[in-house]
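As structure tokens, the structure follows; a few thoughts come after it.
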There are 4 protein chains.
Amino acid sequence: MSEIEALIKAINNFRDERNWRQYHNPKDLAISISLEASELLENFQWKNSELALEVNSENIAEEIADVLIYSLMLCSDLDLDVTQIIEEKLKKNTQKYPVGNE
Amino acid sequence: MSEIEALIKAINNFRDERNWRQYHNPKDLAISISLEASELLENFQWKNSELALEVNSENIAEEIADVLIYSLMLCSDLDLDVTQIIEEKLKKNTQKYPVGNE
Amino acid sequence: MSEIEALIKAINNFRDERNWRQYHNPKDLAISISLEASELLENFQWKNSELALEVNSENIAEEIADVLIYSLMLCSDLDLDVTQIIEEKLKKNTQKYPVGNE
Amino acid sequence: MSEIEALIKAINNFRDERNWRQYHNPKDLAISISLEASELLENFQWKNSELALEVNSENIAEEIADVLIYSLMLCSDLDLDVTQIIEEKLKKNTQKYPVGNE
């Protein structure tokens, strides 16, 4: 099992043990990713990056983890291969922003 | 190199080839994760999950990829181990929500 | 008719002429406020306030207007008095953050 | 003084009494609008509109108020006339979405 597959398995075990998959429709998972991204951003409100990292580094790591956890859940539920969608998006971005034109 | 390390390497190559790392302070990366999460959510605006997936499945995959790409960038810049922060957050959630108490 | 009532009337006329009220359930209006807030924030991505205002001031005004329009719609649909909820929230904040304790 | 001018005056009094205007640069105010919009949306996470209103109606009103308060602050700081930007956006939307073409 790959590293990402192992993470998805752990995440799915967590929600299955609590019978939470019934709530996890894709629309509410997309809402959840957005809410966790805001909780991450809240650590930087009224602060520059340096100060935010000085006082909030632990919560910053936790909120990035929450964004990743919900994103991996949604990939799992939509049968999306994480490595594949990232590689395809990078390829698309490479065509959209050719090197040397920045 | 692990699967996640290889993805981070590809992402870092992409931004280094364009000399974009100068813009990527953690505060603006957190803003970017939030913006991409909103672009993902926009696919579900005024629609239930079924209709959204029927008409927007390609863009949904791309926007999840964008959320993941910026999240992996931020992990790279903050020297956070992706697997470790996810496992620690799952462990914390396990203690917060004990099985059988839902 | 008060100034705010006149704005809400104009907003409701706009959506009624297009028969859009059928889509405007509170959950999707809350999603829409969040999406418009992100479009506002996008004007500040990778920029400090000064540069953002220099290059994006027109779009900034339009996106603030969109946030306000959807917020007034939601107030209208939930029978919330705009002035009253703002005054009550300021009163609550005044108690939460007493002057001289900052 | 108009209704909206009176609200903006109350909001500005609140922040001036606490000497908070020093933190209120436009970029962080845009972040704050986005964070409050997410706190509003959180009331609808895992719920349909009816259930959300049944259990969270008080917090929903407070979070809409917070979105409006930060939006009015930003209008005040950028010297934007609230009624004017809303009327201009409605006019633009009217041209973009002609009646009868929906």
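Hydrophobic, long helices, defined as DSSP H runs whose alpha-carbon span along the helix axis is 20 Å or greater and whose mean Kyte-Doolittle value is at least 0.0, occur in chain C at C:26-42, C:49-77.
Under a 1.4 Å probe, what is the accessible area of chain C per residue, stated in Å²?
Using a 1.4 Å probe on heavy atoms only, each residue of chain C averages 47 Å².
Taking each pair of distinct Cα atoms in chain D once, what is the resulting Kirkwood hydrodynamic radius in Å?
Working: mean 1/r = 0.0632 Å⁻¹.
This gives a value of 15.8 Å.
Measuring nothing but protein heavy atoms, the accessible surface of the range A:3-96 at 1.4 Å probe radius is 44 percent carbon and sulfur. Here the sum of -39500 (n - 2.57) over DSSP H runs of 4 or more residues, divided by the residues of chain A, equals -25500 deg cm²/dmol at 222 nm, to the nearest 500. Note on chain D: with a GNM built from Cα contacts shorter than 10 Å, the maximum mean-square fluctuation among D:L68, D:L40, D:L51 falls on D:L51. Between the residues C:I31, C:N13, C:N59, the greatest Cα displacement towards the positive end of the dipole of the range C:3-96, with unit charges on the Cβ of Lys, Arg, Asp and Glu, is found for C:I31.
What fraction of the Cα pairs in the range D:63-102, stated in percent, has a spacing above 17 angstrom? Kindly include the intermediate steps, with their values, before the conclusion.
Working: 366 of 780 pairs.
In whole percent, the share of Cα-Cα pairs in the range D:63-102 beyond 17 Å is 47.
Net charge dipole, the protein assembly as shown: roughly 0 debye, given to the nearest 20, about the Cα centre with Cβ charges of +1 for Lys and Arg and -1 for Asp and Glu. Peptide C:57-66 shows a mean partner chain C-beta count of 6 within 10 Å per residue C-beta.
In a simple Cβ point-charge model (Lys, Arg +1; Asp, Glu -1; nothing else charged), chain B has a dipole of about 420 debye relative to its Cα centre. Using alpha carbon centroids, what distance separates the range D:1-76 and the range C:58-86, in Å? The two parts, judged by their Cα centres, are 10 Å apart. Sorted shortest first, the distances from the A:E3 label point to those of the same residue in the other copies are 1.0, 5.7, 5.8 nm; each point sits 7 Å from Cα along Cα-to-Cβ. Calculation over all alpha carbon pairs of the range D:9-68 in 10 angstrom steps from 0 returns a P(r) of 21, 40, 25, 13, 0 percent. Chain D packed on chain C takes about 4900 Å² of accessible surface away from a 1.4 Å probe, both sides summed. Taken along its three principal axes, the alpha carbon spread of the protein assembly as shown comes to 66, 46, 40 Å, from the longest extent down to the shortest.
Kindly list the residues of the range A:73-93 that lie in the label zone of B:N13, defined by a backbone N under 19 Å from the point 7 Å along the Cα-to-C-beta vector. Within reach of a label on B:N13, which here means backbone N under 19 Å from a point 7 Å along Cα→Cβ, the range A:73-93 contributes A:82-93.
Computed over the range A:33-77, the P(r) curve from all C-alpha pair distances, binned at 5 Å from the origin, holds 6, 25, 27, 19, 12, 6, 4, 1 percent per bin.
The values are calculated or read from the model by the stated rules, or taken from the named source; none is laboratory data. In this text, all values refer to a predicted model and were calculated from it rather than measured experimentally. Here the Cβ is made from the backbone with ideal geometry for all residues, glycine too, and neighbour counts use every protein chain on show. The area values use the complete protein model at the heavy-atom level, side chains included, leaving out ligands, DNA and RNA. Shrake-Rupley method; radii C 1.70, N 1.55, O 1.52, S 1.80 Å.
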